Amino acid sequence: MGFDVLLFDNNNRLVSILKIEEEVHKEIFASHKRWACYLFLRKLSDYYRTNQEFSGKTLEGLINDLINYKPLMTAEYHTTVQSLLDAILDKNVQKIRVSGD
């Protein structure tokens, strides 16, 4: 089970769908990490209750949280997180919805 990340443009049209695998979620929210300090990232911590939308300032906040948190993660996950960031940073993406399984 993983997260589905739906990316929308400014007309609320679906641009793309990404998947965040369960192992990436476990890496981000491992008990020994300081993820709770990241206001927007922590909204994704409850794997089974996650249904979050991010746009405008909240999307910017999530992007900043991911950029700042990535160095704290094991290097093998950096590429996955960077791919997510690259997709979200696309100029056509105005909103994302993150849904748990």
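Compute the helix-to-body angle for 56-69: its Cα long axis versus the longest principal axis of the chain, expressed 0 to 90° and rounded to tens. It works out to around 30 degrees. Using only Cα atoms, find the angle between the long axis of helix 78-88 and the longest principal axis of the chain, and express it within 0 to 90 degrees, rounded to the nearest 10. It is inclined by approximately 20 degrees.
Rule-based calculations on the coordinates, nothing more; no lab input. Remember, it's a predicted structure, so these values are computed and weren't measured experimentally.
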